[in-house]
Each structure stands twice: as C-alpha cells, then as structure tokens.
Amino acid sequence: MSDHADHADHGDQHYIKIWGYLVALLTISFVGPMAEIQWLTLVTAFGIAVVKAYLVAVHFMHINLTPRFVIYTVTTTLVFMLLFFAGTAPDVMKAEGTNWVKPAWIEADRAYAAGEVGGRAHGAGHGEDHAEEEAPH
C-alpha cells in the first residue's frame, strides 16, 4: 500500500489527533520536571520521549509498513548504541580516576560559582595570554 493510499485511509483527522497527543505529551514532559521530583523527572523525560518516538514512527513515518529487515536494522543499531554507551559511560563519566586530568576550566567554574574569584570563570585570562604572546619584544 502506498503512503498516499494509507493517508487516504486514515484521513486528516487521524493525523491531527496524533499531533494533539504529541502536544499533550510535550506539555507533560515540560511540566513534569517543575515538580522537582527526580523519579518523576526521569519518567517524564525518558518515558514520554519513548512514547512520542513510537507515535511518530508508527503514525507519521509508517514504520510498521516497511520491510522487516529495516526494522531489524534499526533495532540492531539502537542495541549497539546502547551497548557502546553502557561500555564507555563508566570510564568517561567519572569526575576523577587514574590518569584522569581535570581541565582547568572545571576548577575555575567551581571557584567562580563558590564566589572565591571575581570576573569571568570560563576562559578567564585567555585574552591576556594571547596579548602577551603577540606583543613585540
């Protein structure tokens, strides 16, 4: 069945209804974190995102009408992405560790936020360093 025929079967009201659901879910995912409850924020951020992605894939992209190998390819890609993230996240997302060098701007931002220093935190002093390098001696 072609996309045009599928669109004719549903009619415009079907797509408007799905769009309304997506707007309602967007509103919930925006308002949810305002409650400042961590589990509620996670549910609204990730749970609703999965539901919205499903609605778009099925009703607008018509992924359910594609050949099976396309679905298998997309699923395999997502699984490999999650495996890659799960394998690298424990090392990459640490704030300290063996052979881990904390960039200077992290400490500068922390000191600025704590009120220990004035002026710009991130990138502070970069302009002065370049001016000294470029000045004739």
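Of 19, 39, all but one fail to be at pLDDT 85 or above and out of contact with any strand residue (DSSP E or B) (no Cβ under 7 Å at 6 or more places or on another chain); the exception is 19. Of the numbered criteria (1) polar (S, T, N, Q); (2) outside any helix (DSSP H, G or I); (3) touching a Ser or Thr at 6+ places or on another chain (Cβ under 7 Å), the one residue 29 fails is (2).
Selection over the range 88-102 of residues that are part of a helix (DSSP H, G or I) and surrounded by 10 or more Cβ atoms within 10 Å (Cβ to Cβ) gives a count of 2.
The values are calculated or read from the model by the stated rules, or taken from the named source; none is laboratory data. Predicted, not measured: the structure shown is a model, and the values here were computed from it. Positions of Cβ are generated from backbone atoms using ideal geometry, with glycine treated the same way; all protein chains shown enter the neighbour counts.
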